[in-house]
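See structure below.
The values are calculated or read from the model by the stated rules, or taken from the named source; none is laboratory data. Please read all numbers here as calculations on a predicted model, not as lab measurements. Reconstructed Cβ throughout: ideal geometry from the backbone, glycine too, with neighbour counts over all protein chains shown. Ligands, DNA and RNA are stripped out before the accessible areas are found, and what is left, the full protein with its side chains, is counted by its heavy atoms. Shrake-Rupley method; radii C 1.70, N 1.55, O 1.52, S 1.80 Å.
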Amino acid sequence: MVDTDTGTGPAAERPARVPQLPRDLTDFLVELSVTMQQHAIYPPGHPLLGQSVGALYGTLTTLLRERPALSIGVARRQLIIEGVASDSAHPLLGALANKLHRHHLGAVKFNRGLTRDELSAALGTVGVEPQPEAIPLGLQPVPLEGRWANVKLF
């Protein structure tokens, strides 16, 4: 029997339910991770990059119909989107979080009105592997927030 005054008993012993990302946001983050990996592998102008950016752009514009912006917070092994953290054990999302973290980025924001060209340019910038001798994107003297109208890197 549960004592409702003290919160003790079998019901009080159950762990709190951890919120999970909605499926559409998880799928978007996986697609973003794959597209960014392709930017690290293929040279600019490669046909596969155009296809993957086009598919990601379609997914992102669908998500932006429901909201004015989509912000992604960055931790070393997790992404936070709409207040919910990704699974730190997910290999693709963990790799994406780690790459953004190595670039010294704390957040990425996509605004409604985003163009395919803006998305492609941002992915081309962030998708490359951070070089040990280079200044990370987040520490460069020119602020990244103003580089594109509808993609903000913080």
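Brief remarks on what is shown
- Mean residue ellipticity (222 nm) of the chain, computed from DSSP H runs ≥ 4 via -39,500 (n - 2.57), nearest 500: -13500 deg cm²/dmol
- Accessible area of Lys152 in the full protein assembly, 1.4 Å probe (Å², nearest 10): 40
- In a simple Cβ point-charge model (Lys, Arg +1; Asp, Glu -1; nothing else charged), the chain has a dipole of about 300 debye relative to its Cα centre.
- Highest GNM mean-square fluctuation among Arg23, Arg76, Arg116, for the chain modelled with Cα contacts below 10 Å: Arg23.
- Accessible solvent surface per residue of segment 35-154, calculated while the other protein chains remain in place, 1.4 angstrom probe, Å²: 50
- Distance in nm between pseudo-label sites at Arg23 and Ala89 (7 Å out along the Cβ direction from Cα): 2.1
- With contacts taken as Cα pairs under 8 Å at a separation of at least 6 residues, the chain carries a relative contact order of 23 percent.
- Computed over segment 75-152, Kirkwood Rh from alpha-carbon pairs, angstrom: 13.4
- For GluC sites (Glu not before Pro), the sites in segment 66-154 that DSSP calls loop and that have at most 14 other Cβ atoms within 10 Å are Glu66, Glu82, Glu133, Glu145.
- Inter-centroid distance (Cα atoms) of segment 134-154 relative to segment 78-126, Å: 13
- Cα-Cα separations in segment 47-93 greater than 15 Å, expressed as whole percent: 59
- The simple spin-label model puts a point 7 Å past each Cα toward its Cβ; for His46 and Arg77 those points are separated by 2.9 nm.
- Extension gain for the segment Arg112 to Asn150, taken as residue separation times 0.36 nm less the Cα-Cα distance, is 13.0 nm to one decimal.
- Shape box of the chain [Cα atoms, principal axes, largest first, Å]: 66, 37, 27
- Among the protein heavy atoms of the chain, carbon and sulfur supply 57% of the accessible surface, probe 1.4 Å, non-protein parts ignored.
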